[in-house]
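*Asks:* First, the structure itself, so that you have it in front of you.
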Number of protein chains: 2
Amino acid sequence: MTADFSFKVLATDGNARRGEISMPRGVVRTPAFMPVGTGGTVKAMYMDQVRGVGADIILGNTYHLMLRPGAERVARQGGLHDFARWPWPILTDSGGFQVMSLSKLRKLNEQGVTFRSHIDGAAYEMSPERSIEIQGLLDSDIQMQLDECVALPAKPTEIERAMELSLRWADRCKTAFGDQPGKAMFGIVQGGDMPDLRVRSAQALKAMELKGYAVGGLAVGEPQQVMLDMLEVTCPELPQEKPRYLMGVGTPDDILKSVMRGIDMFDCVMPTRAGRHGLAYTRRGKINLRNARHADDHRPLDEESDCPAARDYSRAYLHHLVKSQEALGAMLLTWNNLSYYQKLMADIREAISAGALTERAATISEAWARGDLAKL
Amino acid sequence: MTADFSFKVLATDGNARRGEISMPRGVVRTPAFMPVGTGGTVKAMYMDQVRGVGADIILGNTYHLMLRPGAERVARQGGLHDFARWPWPILTDSGGFQVMSLSKLRKLNEQGVTFRSHIDGAAYEMSPERSIEIQGLLDSDIQMQLDECVALPAKPTEIERAMELSLRWADRCKTAFGDQPGKAMFGIVQGGDMPDLRVRSAQALKAMELKGYAVGGLAVGEPQQVMLDMLEVTCPELPQEKPRYLMGVGTPDDILKSVMRGIDMFDCVMPTRAGRHGLAYTRRGKINLRNARHADDHRPLDEESDCPAARDYSRAYLHHLVKSQEALGAMLLTWNNLSYYQKLMADIREAISAGALTERAATISEAWARGDLAKL
């Protein structure tokens, strides 16, 4: 931990980097996966379990928190860390992505966005300045600029317009954020699936000398290869000495391939959402516990895991809980999934230090491809 | 723990008894509250939390388990203890109560009940012998006779018929259960709100020399005073040296008053169900976390509790979780509620040993009546 926000690269392997982000609330080992704590809770998990599986940082959704319980209310409760009982680093998104995907009656212009809450229809305004203000009220350690994220496929003119707007908003967010040594505000590279726009966006953001950079607007409907291509043109344009965060990504395979292209940080609802839908991520791939093949299977999800959810409960029991829609089913599978994601990140970090990421990635991918244990 | 099922009274205070039920899987300190683990899970709880709050025994619902995952399937998984990862004592009900309240197209005769599952409409038969067989497949430590429970108010002739049928079924269950030294089969006193029928039922069951006795058919719609009156006529007819179990009861106040009339064991869905509906049981009475008064309240439910759910989370956060229908809200409130119920039982046991139950009951009731902390 350090008084100032800082990042250092500890080792590299090809384009992959192992590093450490240090800030007053703790150290984030990178490449890092951030569990999503949407509305001040990582769904169906106790925070000590989230920490226990190895998470150094979680993500909070500004949109959800501003609507309920409200940013000012969270501030009165001492900020999001105290409110949710997570004393370690928190990254918040800007709220922009959910305004676009969840809210009603949006109106976007140069100034910002006006929208109505999907919960009760109340009217809100979101500008770059208000987004940073809210993230400050939440006391977020890593704050994100407000941007406009376009769903793909989209027209080139539309992608360019949104990218240019996002750059102007990055500048306003930088001014609004000001000088906060222990915290960071990250800019977001946009540009859809257009390499030249991605490069322009990255270069313009680099010139702003921000403390970190995200790649946004990917994993929004395009094939995986398009996403990887965009990373290949974007990452070289970003400064080596700053962390790089790929927003909203992804599957274990997405993560592995993105790390190999220079990404340091990830967040995704996949492990938590899948856990509420009977799906388990394991080193043998994704397992659907709803499947009748598990009904009489006394074996655990993964006997070698050190996560109790993976190691100590039979598939038969998990199958029963999922079929019966019992809360414990979601609790155990979410726990298993976050544990698996963190284990994957730890393996990746270790392999980078050993200069063996290519081989390790092949081994990991082969195990996924071999699939689950044979039916009993 | 003992190889044989046994009960001993350690202390009495008026009609209240402090005791110990001992069996191969563990000791149950009485008066005891049994959390309800309906379908092989105490909803929204990890079993180590259930144990951690002080539960010595949990209840499993035969009706739910026979339908899903099925008793034979649980047996193949090593019984309910292994399946659900609760190695300590388990009591199962007979399934009769839920057949009457949940299933469709019931047909009851001397032989037993035929019914259709409320889940998928499949046809089942339940007889005294099949109920005991199923409870054996579950490997339940304390098994209950099949009985017919009549909702109150009911006609005297109907109450008497059901009571007499339940006695004949008790006899058949005793035969079916046979000689199992480490386990017990309890009979169930019926007779509705009619003192003479309650006495006849208790006397007939006493003559069968069972290992324990339940009082059934109460808390089914009648006023609390009727329930307490029935306990006052029933308990003196039951043998002093056998445990007495009041089925499906109840509120903390019901429990306190029933202990003072000679009851040793309780089960109820109230603490778990209330926990999923935003309600917290505390020493200051029942608290509705949905209430807006909690929205900005940084205080915990009970700063003196040793349960983390009660002590470490603000009411503001709990209010937020409940309003947002987050799983963690149900998880924390269920934990708090089971912790409070177990704390109440521990206080009651201690007071009985000290010969101070009347005073302690008054102190506890006064604290409930004073109610919650003043609004901030």
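*Asks:* Can you name the condition, by its number, that B:THR12 falls short on among (1) surrounded by 24 or more Cβ atoms within 10 Å (Cβ to Cβ); (2) under 22 Å from B:LEU231 (Cα atoms); (3) among the polar types (S, T, N, Q)?
*Replies:* Failed condition: (1).
*Asks:* Looking at B:PRO243, B:PRO181, B:PRO223, which one is open to solvent by 10 Å² or more (accessible area, probe 1.4 Å) and touching a residue at least 24 places away in the same chain (Cβ under 8 Å)?
*Replies:* Details: B:PRO243 fails: open to solvent by 10 Å² or more (accessible area, probe 1.4 Å); B:PRO223 fails: touching a residue at least 24 places away in the same chain (Cβ under 8 Å).
Testing whether each residue is open to solvent by 10 Å² or more (accessible area, probe 1.4 Å) and touching a residue at least 24 places away in the same chain (Cβ under 8 Å) leaves just B:PRO181.
*Asks:* Test of understanding: among A:GLN111, A:GLN143, which residue is within 19 Å of A:GLN190 (Cβ to Cβ) and open to solvent by less than 60 Å² (accessible area, probe 1.4 Å)? Step through it out loud before you land on a result.
*Replies:* Numbers: A:GLN111 fails: open to solvent by less than 60 Å² (accessible area, probe 1.4 Å).
Going through A:GLN111, A:GLN143 in turn, the sole match is A:GLN143.
*Asks:* What number goes with the only condition from (1) of a type in the set (Gly, Ala, Ser); (2) without any contact (Cβ under 8 Å) to a residue 24 or more places away in the chain; (3) open to solvent by less than 70 Å² (accessible area, probe 1.4 Å); (4) touching a strand residue (DSSP E or B) at 6+ places or on another chain (Cβ under 7 Å) that A:ALA123 does not pass?
*Replies:* Condition (3) is where A:ALA123 drops out.
*Asks:* Quick check on region A:348-376: of everything there that is open to solvent by less than 40 Å² (accessible area, probe 1.4 Å) and touching a helix residue (DSSP H, G or I) at 6+ places or on another chain (Cβ under 7 Å), which residue is farthest from A:GLY19 (Cα to Cα)?
*Replies:* A:ILE364
*Asks:* Okay, next question. Suppose we filter B:ASP4, B:ASP48, B:ASP56 for residues that are more than 26 Å from A:MET45 (Cβ to Cβ), among the acidic types (Asp, Glu) and over 15 Å from the mean Cα position of the chain (by Cα); which single one remains?
*Replies:* Answer to the selection: B:ASP4.
*Asks:* Does any residue of region B:296-313 turn out to be part of a helix (DSSP H, G or I), at the interface with another protein chain (Cβ under 9 Å from one of its Cβ atoms) and open to solvent by less than 70 Å² (accessible area, probe 1.4 Å)?
*Replies:* Taking region B:296-313 first, the residues part of a helix (DSSP H, G or I) are B:308-311.
Checking which are at the interface with another protein chain (Cβ under 9 Å from one of its Cβ atoms) leaves us with B:308.
Filter once more, so that each one left must be open to solvent by less than 70 Å² (accessible area, probe 1.4 Å): B:308.
Yes.
*Asks:* Another one. Among A:THR358, A:THR334, which is within 30 Å of A:ARG29 (Cα to Cα), at the interface with chain B (Cβ under 10 Å from one of its Cβ atoms) and in contact (Cβ under 8 Å) with a residue 24 or more places away in the chain? Talk me through it step by step, then tell me what you get.
*Replies:* Working: A:THR358 fails: at the interface with chain B (Cβ under 10 Å from one of its Cβ atoms).
Being within 30 Å of A:ARG29 (Cα to Cα), at the interface with chain B (Cβ under 10 Å from one of its Cβ atoms) and in contact (Cβ under 8 Å) with a residue 24 or more places away in the chain holds for just one of A:THR358, A:THR334, which is A:THR334.
*Asks:* Looking at region A:1-15 only, could you name the residues that are outside any loop (DSSP other than H, G, I, E, B) and in contact with a Gly (Cβ under 7 Å, 6 or more places away or on another chain)? Spell out how you get there, then give the answer.
*Replies:* Just the residues of region A:1-15 that are outside any loop (DSSP other than H, G, I, E, B), to begin with: A:6-13.
Once the filter is applied, which keeps residues that are outside any loop (DSSP other than H, G, I, E, B) and in contact with a Gly (Cβ under 7 Å, 6 or more places away or on another chain), region A:1-15 yields A:PHE7, A:LYS8, A:VAL9, A:LEU10, A:ASP13.
*Asks:* Something else: Look at region B:285-309 and say how many of its residues are in contact with a Ser or Thr (Cβ under 6 Å, 6 or more places away or on another chain) and among the small types (Gly, Ala, Ser). Walk me through how you get there before you give the answer.
*Replies:* As a first pass, look at region B:285-309 and keep what is in contact with a Ser or Thr (Cβ under 6 Å, 6 or more places away or on another chain): B:298, B:301-302, B:307.
Checking the rest, the ones that are also among the small types (Gly, Ala, Ser) come to none.
Summing the residues that are in contact with a Ser or Thr (Cβ under 6 Å, 6 or more places away or on another chain) and among the small types (Gly, Ala, Ser) in region B:285-309 gives 0.
*Asks:* If you don't mind, another one. Out of the residues in region A:318-345 that are among the polar types (S, T, N, Q) and surrounded by fewer than 24 Cβ atoms within 10 Å (Cβ to Cβ), which is farthest from A:MET260 (Cα to Cα)? Walk me through it before giving the result.
*Replies:* Keep residues of region A:318-345 that are among the polar types (S, T, N, Q), which gives A:324-325, A:334, A:336-337, A:339, A:342.
When the remaining residues are screened for being surrounded by fewer than 24 Cβ atoms within 10 Å (Cβ to Cβ), the result is A:324-325, A:342.
Working: A:SER324: 41, A:GLN325: 38, A:GLN342: 17 Å.
Going through the qualifying residues, I end up with A:SER324.
*Asks:* Turning to a different aspect of this structure: Quick check on my filter: what residues within region A:186-201 are hydrophobic (A, V, I, L, M, F, W, C) and surrounded by fewer than 24 Cβ atoms within 10 Å (Cβ to Cβ)? Let's see the steps before the verdict.
*Replies:* Here is the first cut: in region A:186-201, the residues hydrophobic (A, V, I, L, M, F, W, C) are A:186, A:188-189, A:194, A:197, A:199.
Across region A:186-201, the qualifying residues are A:MET194, A:LEU197, A:VAL199.
*Asks:* Among the candidates A:SER140, A:SER201, A:SER166, which residue alone is within 18 Å of A:PHE266 (Cα to Cα), modelled with pLDDT of 95 or more and either among the polar types (S, T, N, Q) or touching a Ser or Thr at 6+ places or on another chain (Cβ under 6 Å) (or both)? Break it down stepwise before answering.
*Replies:* Numbers: A:SER201 fails: within 18 Å of A:PHE266 (Cα to Cα); A:SER166 fails: within 18 Å of A:PHE266 (Cα to Cα).
Going through A:SER140, A:SER201, A:SER166 in turn, the sole match is A:SER140.
*Asks:* For the structure I just gave you, tell me whether B:GLU209 is assigned by TED's automatic domain parsing to the domain that holds B:THR92, in a loop (DSSP other than H, G, I, E, B), open to solvent by 60 Å² or more (accessible area, probe 1.4 Å) and not hydroxyl-bearing (Ser, Thr, Tyr).
*Replies:* Numbers: assigned by TED's automatic domain parsing to the domain that holds B:THR92: yes; in a loop (DSSP other than H, G, I, E, B): yes; open to solvent by 60 Å² or more (accessible area, probe 1.4 Å): yes; not hydroxyl-bearing (Ser, Thr, Tyr): yes.
Considered against the rule, which asks whether it is assigned by TED's automatic domain parsing to the domain that holds B:THR92, in a loop (DSSP other than H, G, I, E, B), open to solvent by 60 Å² or more (accessible area, probe 1.4 Å) and not hydroxyl-bearing (Ser, Thr, Tyr), B:GLU209 comes out as yes.
*Asks:* Could you run through region B:212-238 and say how many residues are part of a loop (DSSP other than H, G, I, E, B) and touching a Leu at 6+ places or on another chain (Cβ under 9 Å)?
*Replies:* Keep residues of region B:212-238 that are part of a loop (DSSP other than H, G, I, E, B), which gives B:216-223, B:238.
Then drop every residue that is not touching a Leu at 6+ places or on another chain (Cβ under 9 Å), which leaves B:216-222, B:238.
The total comes to 8.
*Asks:* Looking at region A:17-71, which of its residues are in contact (Cβ under 8 Å) with a residue 60 or more places away in the chain, in contact with a Pro (Cβ under 7 Å, 6 or more places away or on another chain), more than 14 Å from chain B (Cβ to nearest Cβ) and assigned to a loop (DSSP other than H, G, I, E, B)?
*Replies:* A:ARG25, A:ALA55, A:ILE57
*Asks:* Does A:TYR281 satisfy the condition of being open to solvent by less than 20 Å² (accessible area, probe 1.4 Å), of a type in the set (Phe, Trp, Tyr), out of contact with any helix residue (DSSP H, G or I) (no Cβ under 9 Å at 6 or more places or on another chain) and not in a helix (DSSP H, G or I)? Lay out the reasoning, then the answer.
*Replies:* Values: open to solvent by less than 20 Å² (accessible area, probe 1.4 Å): yes; of a type in the set (Phe, Trp, Tyr): yes; out of contact with any helix residue (DSSP H, G or I) (no Cβ under 9 Å at 6 or more places or on another chain): no; not in a helix (DSSP H, G or I): yes.
No, not satisfied.
The values are calculated or read from the model by the stated rules, or taken from the named source; none is laboratory data. Owing to the predicted nature of the structure, the values given are computational and were not obtained by experimental measurement. Don't worry about glycine lacking a Cβ; one is built from the backbone with ideal geometry, like all the others, and counts go over all protein chains shown. Please note that ligands, DNA and RNA were not included when accessible areas were found on the heavy atoms of the full protein model with its side chains. Shrake-Rupley method; radii C 1.70, N 1.55, O 1.52, S 1.80 Å.
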